[in-house]
Structures are given as structure tokens and as C-alpha cells.
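Remarks on the structure that follows.
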Amino acid sequence: MAFSQTASVLGSPVQYRLSPSAKRYTLRDNGFVETNGGNFQLLRALEATPQSKEGFKLKITVSKDIKTLKMSITNANGLKAVDIFKNEQHQMLQEKFYFLMDGFIDRGLFEKVE
């Protein structure tokens with residue numbers, strides 16, 4: 001998956017882009033970790049108990065110039081993208097995803113693309 005100006009997870013109708021006010025320290029303050037390549041990556045569990053090593057994970061990577069991003073929801077080992085929006089039994093996971101993204105929007109990291 002390549003970096004782009006806007007991104008969304010598989011199955012979600014909502015697109016996101018980086019806010020112009022997003023900075024390196026803002027990313028770090030919100031849980032993003034700088035990778036060896038200089039990019040910023042966030043891995044966040046979407047399950048009810050974050051300590052469990054099972055379930056789906058939200059994975060967001062921001063390029064080192066903080067202009068492009070990519071995002072996905074993956075299985076537990078992080079290797080395969082998963083569509084949590086195609087099944088009604090994942091309603092709680094969908095709500096948690098939108099809650100996390102709304103929090104990032106409130107903190108000035110992302111913007112919704114209309």
C-alpha cells in the first residue's frame with residue numbers, strides 16, 4: 001500500500017487526510033512511534049481488552065515529511081487487511097475506530113475529506 005494524500009480503511013466510506021497543523025511532536029504525543037525509515041507509525045488494538053494479543057489492529061503510517069499517509073485495519077499478526085464494515089457483528093469495532101479517529105481530529109492530526 002502506497003502513501004497518498006487521503007486514506008481510508010477497507011470498507012469505510014470516510015476518507016481522512018493529515019491536518020496542515022499536524023507536526024512531529026503532535027504525532028508522538030498521540031502514540032505514533034518513529035520508524036527506522038523516519039516515518040511515523042501507530043498500532044492500536046480495536047478489541048475491548050487492549051492487553052489481549054488477539055483481534056484486529058488499527059495501523060496508521062504517516063510519511064516522514066508529514067504530508068501523506070496510509071491506514072488499514074489488520075488481523076492480529078498485522079499481515080492481512082480486514083474489512084470490519086461488511087459484517088454487523090463488528091459494530092463495536094466500527095464505533096471504536098470512529099471514536100479513535102474523531103479523537104485524532106479533535107487533537108489536530110487528521111481531517112475528514114468530504
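Please treat every number below as a calculation from the coordinates, not as lab data. Every value quoted in this text rests on a predicted model; they were computed, and no experiment measured them. Because the Cβ atoms are built from the backbone with ideal geometry, glycine has one as well, and the counts that use them run over all protein chains shown.
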- Message: Can you give me the angle between helix 91-106 and the longest principal axis of the chain, using Cα atoms only, in degrees from 0 to 90, rounded to the nearest 10?
- Response: 10 degrees
- Per residue, how big is the convex hull around the C-alpha atoms of the range 1-103? Give it to me in cubic angstrom, could you? 110 Å³
- May I ask for the equivalent-ellipsoid semi-axes of the range 1-50, computed as the square root of five times each C-alpha gyration tensor eigenvalue and listed largest first in whole Å? 19, 17, 12
- Can you work out the FRET efficiency for the pair Asp106 and Lys80, with r the C-beta to C-beta distance and R0 = 22 Å, to the nearest 0.05? 0.15
- Separation between the Lys67 and Ser4 pseudo-spin-labels, each 7 Å from Cα along Cα→Cβ, expressed in nm? 1.8 nm
- Note on the structure: Amide H proximity to Ala76 below 5 Å, modelled H, separation 5+ or other chain, gives Gly55
